[in-house]
């Protein structure tokens with residue numbers, strides 16, 4: 001399997017109270033099968049005390065397909081939320097306000113395993 005090296009912006013490593021932050025660059029390898037990404041037009045979020053589960057779906061009535069499932073800790077999902085909020089702000093400053101899409105009409109998903 002061929003892999004491509006991708007340089008991450010900067011990873012901050014906490015060094016303890018009052019000791020500042022150490023910045024390190026890390027290499028992230030992207031397997032070929034992940035390069036194209038996946039498309040999702042819907043998402044379902046659920047959680048337990050220990051984790052958030054983000055199910056990304058491609059829904060074309062009357063069916064849908066789970067295209068990705070991401071499971072993260074509560075602390076990490078909050079960092080994701082903050083990063084998305086900042087990027088939306090930057091996007092809207094550059095391109096204008098994002099209009100919300102109409103809320104889908106379906107109420108629940110019946111997941112077939």
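Based on the Kirkwood radius over alpha-carbon pairs, what value in µm²/s does the Stokes-Einstein equation return for the translational diffusion coefficient of region 31-113 at 25 °C and 0.890 mPa s? Translational D for this selection: 162 µm²/s. Projected label points at residue 92 and residue 71, each 7 Å from Cα along the beta carbon direction, are separated by 3.4 nanometres.
Distance between the 7 Å Cα→Cβ label points at residue 35 and residue 85: 3.7 nm.
Bear in mind these aren't lab numbers, they're just calculated from the coordinates by the rules spelled out. Nothing here was measured: the structure is a model prediction, and the numbers come from that model. For neighbour counting, all protein chains shown are included, and Cβ atoms are generated from backbone atoms with ideal geometry for every residue, glycine included.
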